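Quick notes on the structure that follows.
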Amino acid sequence: MFDVAVTSPTAGTSGMTRGFTLLLAVLGTMSVSNLYWAQPLLPVISAELGVSTESAGLLVTATQLGYALGILLIVPLGDLLDRKRLVPLIVLSSVIALLACATAPTFGLLVAAIALLGFTSVAGQLVIPLAGDLADDASRGQVVATVIAGFLAGTLLSRAVSGALADAIGWRSIFVAAALVALVLAWAVHRHIPVLAPRATLRYPALLASIGTLVRENRTVRWTLALSATQFCVFMMFWTALTYLLSSPPFDYPVSAIGVFGLLGLFGVVAAQHTGRLHDRGWSLPAIGVCWVFALVSLAILAFAPGSLAVLITGVVLLHLALFPVNVLIAARLFGLTPQARSRVNTALVCLNFVAAALGSAAAGALWSAGGWLAIVGAMAALCVVGLALWALGRRGPLA
């Protein structure tokens, strides 16, 4: 199925083929999709299981909380255990969780099953640093970019796919189909991931504690994480606010139509996939600055979005072209800074982004009530200026 020529267990070797990189990208796509299958299905699930739509929203919360816990407790193990065994085991665990979701007879059991699904859907966050370990220095940026692009595509496509298939095959069948795909992927990654020596010899509690030590003692890591959190806050603030905008006059779109707007982000995914070459050529830091400027330009356009659908679409595409490449550039830089702790620094990255996303989403609600769309665009622009200032300061010192 995949042409794989990974033969060396040591990092920095040129063993990543295009087929193996694609396999890891697909695994990232499917893993992150598990977090979003249920979102478009909430009305259908609430009707079948006899709960209110508001109560059905607990499914989204449970998934995210389970995922956050999995990131914190499982992903650091990538530096401690052999990922040839760890990654397939986690994927198989998600198969069990998906089948539990598909067969849950009550809402309470579905909440428990979907929390387990979130907890076990971290394989994508294990293979991103794995790609960084297996790629050589000359191609690491491009390899990591391809895997992250798969991850980003999953966040955009899963809602649209789930909503489209629900009417045709039923909401339970979606989880069964995802389980079958995950089963195939578990076999594929077990077959193709090489045996890798552990990068840490710590006990598990010390391994978790070392994440804080890694961030505390490395100023460059801290600044890079701050850049990432800023852009992630902007991203989640935007998508939360966009839902408010599209469901209000003059648009008044239904939820199904709003979900389609996520597909516009695929332009950003394509851009992110090609961004890795900039890192490999040593241009990652200048490129991050250009992305912040580009984000400000897109927000200037989005300020006029309520008056024109064409302007809104243009702004959405440009904002994703600005923000998605930053994900790749930051991850590639972090993996270059911490070659012996890539799984742990990825844990710090995702956890911090998770907090920033929650803050951005919450702020969007408050800003919408206070000043509507323009208040949110102004706040996002202010955050982009902060990001640009962090970039400028870091370029002279800790990020250089």
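Coordinate-derived values only; no laboratory data. Please read these numbers as outputs of a predicted model, since none were measured by experiment. When we count neighbours, we look across all protein chains shown, and the Cβ atoms used for this are built from the backbone with ideal geometry, even at glycine.
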| At a Förster radius of 45 Å, what calculated FRET efficiency corresponds to the Cβ-Cβ distance of Asp252 and Val195, to the nearest 0.05? | 0.20
| Dipole axis of the chain (+1 Lys, Arg; -1 Asp, Glu on Cβ), positive-most option in Tyr36, Val161, Tyr67 | Tyr67
| message | Within 13 Å, Cβ to Cβ, of Pro88, how many net charges do the neighbouring residues add up to if Lys/Arg are +1 and Asp/Glu are -1? | response | +3
| note | Quick note, segment 76-175: a/c under 1.5 would make it rounded; otherwise a/b > b/c is prolate and the rest oblate (a ≥ b ≥ c, C-alpha gyration tensor); here it is oblate
| said: Using a 10 Å cut-off around each Cβ, can you sort Tyr36, Tyr204 from fewest to most neighbouring Cβ atoms? | reply: Tyr204, Tyr36
| field | Spin-label model distance (nm) - Arg222 vs Ala47, 7 Å beyond Cα toward Cβ | value | 5.3 nm
| segment 366-386 versus segment 255-325: alpha-carbon centroid distance in Å | 17 Å
| task | Quickly estimate the mean residue ellipticity at 222 nm for the chain, helices only: each DSSP H run with n ≥ 4 gives -39500 (n - 2.57), and the total goes over all residues, rounded to 500. | result | -26500 deg cm²/dmol
| Cα shape, segment 224-278, gyration tensor, a/c 1.5 rule | oblate
| query | Suppose every K and R has +1 on its Cβ and every D and E has -1 on its Cβ; what is the size of the dipole of segment 212-396 about the Cα centre, in Debye to the nearest 20? | reply | 760 debye
| task | Report the relative contact order of segment 18-199, percent, no decimals, based on alpha-carbon pairs under 8 angstrom and at least 6 residues apart. | result | 41 percent
| message | Multiplying the sequence separation of Val184 and Arg281 by 0.36 nm and subtracting their Cα-Cα distance, what value in nm do you get? | response | 31.3 nm
| remark: Once Asp136 and Thr17 are pulled to full extension, the length gained, defined as 0.36 nm per residue separation minus their Cα-Cα distance, is 41.7 nm
| field | Listed residues Leu58, Leu180, Leu134: farthest to the positive end of the dipole of the chain (Cβ charges) | value | Leu134
| Between Ser55 and Val386, what length comes free when the chain is fully extended (0.36 nm per residue of separation minus the Cα-Cα distance, one decimal in nm)? | 115.5 nm
| field | Rounded Å value of the spacing that divides the Cα centres of segment 205-234 and segment 17-67 | value | 27 Å
| segment 212-396: relative contact order in percent, alpha carbon pairs under 8 Å with at least 6 residues between | 40 percent
| request: Along each of the three principal axes of the Cα atoms of segment 286-382, give the extent in whole Å, ordering the values from largest to smallest. | output: 51, 27, 19
| the chain: relative contact order in percent, alpha carbon pairs under 8 Å with at least 6 residues between | 24 percent
| Using the count of nearby Cβ atoms within 10 Å as a rough guide to exposure, how do Val60, Val260 rank from fewest to most? | Val260, Val60
| message | Taking each pair of distinct Cα atoms in segment 18-199 once, what is the resulting Kirkwood hydrodynamic radius in Å? | response | 16.5 Å
| note | Within the set Pro325, Pro43, Pro205, GNM on the chain using Cα springs under 10 Å gives the largest fluctuation to Pro205
